[in-house]
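Chemist: Below is the structure I would like to discuss, written out as structure tokens.
Just so it is clear, none of the values below were taken in a lab; they were calculated from the coordinates. Everything quoted here is computed from the prediction, not taken from an experiment. Here Cβ is always computed from backbone atoms with ideal geometry, including for glycine, and neighbour counts include all displayed protein chains.
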Amino acid sequence: MIISLRKWFRVAVFNLLLVSVLGIIMRYKIAFSLPFINQKYFLEAHSHFAFSGWVTQALMVLIATYIEGKLSSFSLKKYNRLFFANLITAFGMLISFPLQGYGLISIIFSTLSIFVSYAFAFTVWNDLKLIQEKSISHLWIKSALIFNVISSAGPYILSYMLVTNNIVQHVYLASTYFYLHFQYNGWFFFTCMGLLSDKLNPQQFSEKLKRNIFYAFFFASIPAYFLSALWLPIPTWLYIIIVLAAFTQISAWVVFLVKLFSKYQPFFEIQPKIVTYLLTLSSIALSIKLLLQLISTIPALSTWAFGFRPIVIGYLHLIFLGVFSIFILSYGLDKKYYSINKKVITGSWIFVTGIILNELILMLQGLDAIVYTNVPYEVEALLTAAIIMFTGLMILVFSQTKEGVKIPHEINH
């Protein structure tokens, strides 16, 4: 059975809705009580399914969309097999992790998901070679595939330690952050930039400028891993390289934004307003992320950053939700994988409201931990934020049941 890319994208968004359900369950358990729920197991299910069932599934679909538009011999059938395989492994983890945590079945499904990512990387790489017109987007996407493969070293090490019951704390944390870094700052980020780069006006962005921005991020991405491991004993020369990497990335991003917004009309007027707003919010979130990343190189501040769980969770959610989830939704709307109607716009804004509220409360929790105070009803507020995000996604997911009536042109543009 061949399923269209449009429907596959909607499957991925439905998976995001399931991710939000897990988030509500965990927030409810913290605020009240669910004694039959193992919080750690549900957290593992939440994170694994968010990565594989939502972001990876969506990015796989969007990369296939990119190739379809460039390659006349594009085969949807072979990509359907990869989408199905990834979906099966994602739901395998969704079911097995809440029941057993890191057990035999969940490790099997998580390992299979890695093998699927290898197969996807091989397929995409070969298709990119068939596209005659090469572009900077190819470099971004190829790098994303490489980083996705590299990131799998982290889970392999973690699985080995868990299976042998020989956990070394520093190695465990370093492996976890290795995986997260090359997923967030490699696979996710480079894919999104590749897709975005394809939309840029050649008169606005020269090939030389786009290439320079790519290489700035590419060469800074590997030493930037140590921004997540500043708690390790790092020699001075490596610390200097880490600071330079953080500075290089934020400098390249500033150049990109200045160029993008210096000619606002050509880029933004050709798409619906909701897409423009979501892209802008994603850009703001990424700017905050890169700034926090640079600030974290200050030793005293890095101690705060890694020493307080709410700050770490807030930072990870800022990237996962604020940067990538919003970008993916905006790109899917731009590709008309959802017909833009009032329900879509309402659902999107409610979802964004929940993200912003979630970030503000997590940062407040972090400040509370730093100054040893406690603001009442914070856990209840986080539960409320989770419900708001779920509500927005619910409206978005079911906005297309009757495909709705598209909103008037003057609202849409």
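Chemist: In the chain, once you exclude exposed chymotrypsin sites (Phe, Trp or Tyr not before Pro) (DSSP loop, at most 10 other Cβ within 10 angstrom), what's the longest stretch remaining?
Modeler: With a cap of 10 other Cβ atoms within 10 Å, the longest stretch comes to 37-371.
Chemist: Over all pairs of distinct alpha carbons, what does the Kirkwood formula give as the hydrodynamic radius of the chain, in Å?
Modeler: 22.1
Chemist: In the Gaussian network model of the chain, springs joining C-alpha atoms below 10 Å, which of 222, 30, 240 carries the largest mean-square fluctuation?
Modeler: For the chain, modelled as a Gaussian network with Cα springs under 10 Å, the answer is 240.
Chemist: With contacts defined as alpha carbon pairs under 8 Å and 6 or more residues apart, what's the relative contact order of the chain in percent?
Modeler: Averaging sequence separation for qualifying contacts and normalising by length gives 17 percent for the chain.
Chemist: Another question, if that's okay. Tell me, rounded to the nearest percent, the portion of alpha carbon pairs in the range 131-202 spaced more than 17 Å apart.
Modeler: 52
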